[in-house]
Structures are given as C-alpha cells and as structure tokens.
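The values are calculated or read from the model by the stated rules, or taken from the named source; none is laboratory data. Please read these numbers as outputs of a predicted model, since none were measured by experiment. In this analysis, Cβ positions are derived from the backbone assuming ideal geometry, glycine residues included, and neighbour counts consider all displayed protein chains. Accessible surface areas use protein heavy atoms only, side chains included; no ligands, DNA or RNA. Shrake-Rupley method; radii C 1.70, N 1.55, O 1.52, S 1.80 Å.
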Amino acid sequence: MKIGVLMGGSSSERDVSLNSGKAISNACLELGYEVINFDPKDGFSSIAVEIKNVDLVFNALHGGDGENGVISSKLNNLGVRHTGSEKESSAICIDKDTSKTIIKRENYFTPDWLLLKKDDRTPEVKNLSFPLVVKPNSEGSTIGLSVVQDESKLNDAIELARNFDSKVLIESFIDGREITVGIIAGKPLPIIEIIPSHELYDYECKYTKGMTDYICPPDLEENISLSIQNIALKIHRLLKCRHYSRVDFRLDKNNKPWFLEINTHPGMTETSLLPKSAAVAGIDFNSLINIIIKKAL
C-alpha cells in the first residue's frame, strides 16, 4: 500500500501542517506502508502527476486550499482516494459564519456574532456586549484572533484579522471553560479541557510547551460529559464530516456548551489534541492513523 502524505502548503498554518505531516508519515512507515511526502507549496499542479500513483492520500494540510475543499476536489478529479472531509463539508466547516448559521438553525448554542465583509465599515455592536472575540472568518490556529474589552480596541482587532481574511467574525465572548471533543470513525473521544496561561487559547499557548494545561477527562459529571460528546457527534454528522474532526466549545458556568468551530483537519502530532484524547481512550498514535486510513479505504 502506497500512502501519499500531503503537508506544508502555502497557508498561514504551513509550519503546523509540516509537523502533522511528518508525524503521520513516520507513523505510516512504522505501520509498514510505503510513503511518499508531498508539499504543494508551489501549487497543486506541481505534484498532480506524481500524486496519481499513490493508493491513498493522507491530507495533513491545515488551512487554505488544503482544508477548504479545493484540494479534496482536485484529488477527486484525479480519482485519488483521500482522508478527511469532502469538498462541500470542508468548505462549510472552514467558514465560521456558515457553520455557525447551520448550527444555530438546528438549535445548538453558539455565541452571537456578526460578519464583516471586505468593504464593510466597523459596525455598531449594540446587540453584542463586550468583551468580544474578533477573528478571521476562515483561519485556524487562532491566527489573527483578538479578545477586545471595549470599543476603543475594536478597529485595531478588525484590522489585524483582515490581514488574514477579507471576512471578519465578531463574536460574543463566553465566560467559561475551553473544551474540545475529537471524533474518530463515527465515535466521540474523551473531552479535553484546555487551560491556557493567556486569557484565550491563542497561537502562542497552542504551540509553546508549558503554556497550557490539558485535562482529559475534565472534572464533569458523567451525564454532562456524555451530553457534550453526543452534541459534538451530532454536529460532526450535521456538517457531513467524515473520518475524523474536532469540535471546539466554550462551556459556561451552567455547563452549557457553546459551539465555536469544527476542525476537519485537526493537528496530528503526537502531542496534538485529537491524539491526546485518543490516547486516553486507549488508542495510540499509530493506531489512530491506521483507523483513519482504513476508514478512508
């Protein structure tokens, strides 16, 4: 079996993707697969001929075309099987405004928000109370994200977010606990509670050793944990994700989970959140990678 591992690319999450790709590639080798690594940093056309010769592509790209459905569409056009969600689901999930709209329509909780498009001026935020979270609509890894305490800082936060996306999401801040639920092969994994040293789980806290504590499973009553896991699985299915995903929530003081976003290509190093949760469920990293490969096949 010949596995092609897609990693790197040209998005703002390139470095994270390279780390995921290397870990996946090493796991595939240890599992006995033949592995070819692909880095489409110069565009997909630069790898299109060679990638047709693999039996399966493990898509370890984060952000950009690797996660918005463009790459999955190109692979489908070539007749190449691949891991991860298909074009439509990927496009919906990377777009926070669209995914939140679907989630709200189905009566799940998600923080109130408004969307600023490219030429929109800074709006009046009377319907939203400070503090607010300002972030690019289609970025991951909390890149370009700010927590704004009052209106005087709002413009600066919007301009920062616009460096990464023409659309900016302004969202109510939910006071509470940061939690995430991984989904693998149609089943929810144990919940992870994320306790960052900063106010929010930002890029620095995500990727700097020792800046965040991870509690898995967290201190929650069993019925509450099961309910949150069930909601995460329903969201995964509602948005037509496949193989694996990770659903991020804020848990308020009444233990009500507020959907923030879903990640169709979560980090896949041995210290990333999904593998951490899988390990607690008794699934080691190599086994996790193999489960995803088998589901994709």
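The single condition from (1) more than 30 Å from Lys294 (Cβ to Cβ); (2) open to solvent by 70 Å² or more (accessible area, probe 1.4 Å); (3) of a type outside the set (Val, Ile, Thr) that Asn255 fails is (2). Please work out if Leu29 is out of contact with any Phe, Trp or Tyr (no Cβ under 8 Å at 6 or more places or on another chain), touching a residue at least 12 places away in the same chain (Cβ under 8 Å), among the hydrophobic types (A, V, I, L, M, F, W, C) and not in a loop (DSSP other than H, G, I, E, B). Spelling it out, it is not the case that Leu29 is out of contact with any Phe, Trp or Tyr (no Cβ under 8 Å at 6 or more places or on another chain), touching a residue at least 12 places away in the same chain (Cβ under 8 Å), among the hydrophobic types (A, V, I, L, M, F, W, C) and not in a loop (DSSP other than H, G, I, E, B).
Answer with yes or no whether Ile235 is open to solvent by 30 Å² or more (accessible area, probe 1.4 Å), outside any loop (DSSP other than H, G, I, E, B) and of a type in the set (Val, Ile, Thr). Considered against the rule, which asks whether it is open to solvent by 30 Å² or more (accessible area, probe 1.4 Å), outside any loop (DSSP other than H, G, I, E, B) and of a type in the set (Val, Ile, Thr), Ile235 comes out as no.
If you check Ile183, Ile143 for being open to solvent by less than 30 Å² (accessible area, probe 1.4 Å) and in contact with a Cys (Cβ under 9 Å, 6 or more places away or on another chain), only one passes: Ile183.
Scanning segment 79-89 finds one or more residues that are modelled with pLDDT of 95 or more, among the hydrophobic types (A, V, I, L, M, F, W, C) and either part of a strand (DSSP E or B) or open to solvent by less than 40 Å² (accessible area, probe 1.4 Å) (or both). Between Ser73, Ser152, the distinction of being out of contact with any Ser or Thr (no Cβ under 7 Å at 6 or more places or on another chain), open to solvent by 40 Å² or more (accessible area, probe 1.4 Å) and assigned to a helix (DSSP H, G or I) belongs to Ser152 only.
Exactly one residue out of Lys206, Lys294 is open to solvent by 30 Å² or more (accessible area, probe 1.4 Å), closer than 22 Å to Met7 by Cα and in contact with a Pro (Cβ under 9 Å, 6 or more places away or on another chain): that is Lys206. Candidates are the residues of segment 96-126 that are at pLDDT 95 or above and open to solvent by less than 30 Å² (accessible area, probe 1.4 Å); the one that is nearest to His243 (Cα to Cα) is Ser99.
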